[in-house]
């Protein structure tokens, strides 16, 4: 695959802590709040043709727009980025230190003290030129989450 890697998939589990930074504002359907989040990803598996790379990562940059809730449904858009460290080179023959960038579109299903989320996420994994070649990995993920509100 030109400029990318094929026959590769990922699976991960992480924790997130987010801070709502603004009150609701914006026109019409864009009305919402800005949130900053940090992710710890203690389990990140990359299934490659010749091996499975086990890894962990951190995403210190999480920028999220939570659109105004419509009843118990709150849509959101997110951009984030971070670093991924793996037991094998990802993709094979490149580097075991990579960077991730992602964009997601999702929805929170709000409860009194908890929320469930469902999203579709595009993620790019690349060594950003730390080694050559640098083909990168592009994935489309479906993610499910469970959240708890603090200070609520």
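Quick note: the coordinates plus some simple rules give every number you see, no bench work behind them. These numbers were taken from a predicted model, which means no experiment stands behind them. Virtual Cβ from ideal backbone geometry, glycine too; neighbours counted across all protein chains shown.
Remarks
- For the chain, built as a Gaussian network whose Cα springs stay under 10 Å, the top-fluctuating residue of 111, 32, 81: 111
- Fewest-first ranking of 23, 33, using other Cβ atoms within 10 Å as the exposure measure: 23, 33
- Rg to Rh, two decimals, where segment 13-53 supplies the alpha carbon set and Rh follows Kirkwood: 1.31
- Note on the chain: the C-alpha convex hull projects to 9.6 nm² when averaged across all orientations.
- Relative contact order (%) - criterion: Cα under 8 Å, at least six apart; region: segment 9-148: 16
- Among 112, 35, 89, residue whose mean-square fluctuation peaks in a GNM of the chain (springs only between Cα atoms under 10 Å): 112
- Cα→Cβ-extended label distance, 7 Å offset, between residue 132 and residue 107, nm: 4.8
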